[in-house]
Ligand code: GAR
């Protein structure tokens, strides 16, 4: 069975969606560890509630980005993680980490990449920028992680309507409900069933 390691920073609703889909039998996988870069992330509590190993690894204590990434790599390898899920992880990892799990790291981004993405675009900020621009459609993207932020091969995208009276908070909630919590579990399911392959930076589904 596929062993998953997760990286989180906050509320962990995407992590919850994956846990729920594993528990209801839709995804054939096991989450072997959840790692947060924030000691108080609610995502850690969510993991513990489901009997999943949950740890805080401090960047400050590691002393440098390199040491921090080495600690993460060592931790995930010691747990036997085969797929790493960034689930609301608000930190950018370098080539060092990416190379250790090549084509085995996924991220969920709350916009239709290549819009509103890259360094500085995370969480609520993404939705604020979408509203500022006046886009009528936004959405979410699940992609494989490469060394360039939010630029790796796209696995699944789902569009969501922007309404005239939306605030960033209202739009964020709609994007989560209608897109993120649907497409992230779906992408993980496809990976667990070996139905994804990458050809020239394009993800192909091999079940259709
Ligand atoms: C989600 O909207 C996720 O797409 C976004 O942060 C939120 C985390 O919520 N991620 C990024 O912006 C990454 N660049 P969650 O902790 O409840 O899953």
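Determine which member of the set 120, 134 is without any contact (Cβ under 8 Å) to a residue 40 or more places away in the chain, within 14 Å of the ligand (Cβ to nearest atom) and more than 21 Å from residue 6 (Cα to Cα).
That would be 120, the only listed residue that is without any contact (Cβ under 8 Å) to a residue 40 or more places away in the chain, within 14 Å of the ligand (Cβ to nearest atom) and more than 21 Å from residue 6 (Cα to Cα).
Among 5, 11, which is the only one that is more than 11 Å from the ligand (Cβ to nearest atom), touching a helix residue (DSSP H, G or I) at 6+ places or on another chain (Cβ under 8 Å) and not in a helix (DSSP H, G or I)?
5
For the range 21-45: of the residues being more than 20 Å from residue 145 (Cβ to Cβ) and touching a residue at least 60 places away in the same chain (Cβ under 8 Å), which is nearest to the ligand (Cβ to nearest atom)?
21
Taking the options 163, 173, name whichever one is closer than 18 Å to residue 13 by Cα and out of contact with any helix residue (DSSP H, G or I) (no Cβ under 7 Å at 6 or more places or on another chain).
The unique qualifying residue is 173.
For residue 58, state whether it is more than 13 Å from the ligand (Cβ to nearest atom) and either under 18 Å from the mean Cα position of the chain (by Cα) or at pLDDT 95 or above (or both).
Numbers: more than 13 Å from the ligand (Cβ to nearest atom): yes; either under 18 Å from the mean Cα position of the chain (by Cα) or at pLDDT 95 or above (or both): yes.
Against the criterion (more than 13 Å from the ligand (Cβ to nearest atom) and either under 18 Å from the mean Cα position of the chain (by Cα) or at pLDDT 95 or above (or both)), residue 58 qualifies.
Just a yes or no: is a residue in the range 73-83 surrounded by 15 or more Cβ atoms within 10 Å (Cβ to Cβ), farther than 24 Å from residue 187 by Cβ and in contact with a helix residue (DSSP H, G or I) (Cβ under 6 Å, 6 or more places away or on another chain)?
Scanning the range 73-83 turns up no residue that is surrounded by 15 or more Cβ atoms within 10 Å (Cβ to Cβ), farther than 24 Å from residue 187 by Cβ and in contact with a helix residue (DSSP H, G or I) (Cβ under 6 Å, 6 or more places away or on another chain).
Does residue 110 meet the test of being closer than 17 Å to residue 17 by Cα, within 14 Å of the chain's Cα centre (by Cα) and within 9 Å of the ligand (Cβ to nearest atom)?
So residue 110 passes the test.
For the range 121-164, which residues satisfy the criterion of being loosely packed, with under 13 Cβ neighbours inside 10 Å and in a helix (DSSP H, G or I)?
Listed by number, the residues that qualify are 132, 133.
Taking only pairs six or more apart or across chains, which ones have beta-carbon atoms under 6 Å, a first residue in the range 174-194 that is within 15 Å of residue 138 (Cα to Cα) and more than 15 Å from the ligand (Cβ to nearest atom), and a second residue that is modelled with pLDDT under 95 and part of a helix (DSSP H, G or I)?
none
The values are calculated or read from the model by the stated rules, or taken from the named source; none is laboratory data. This structure is a prediction, so every number in the text was calculated from the model and none was measured. Neighbour counts run over all protein chains shown; Cβ positions are idealised from the backbone, glycine included.
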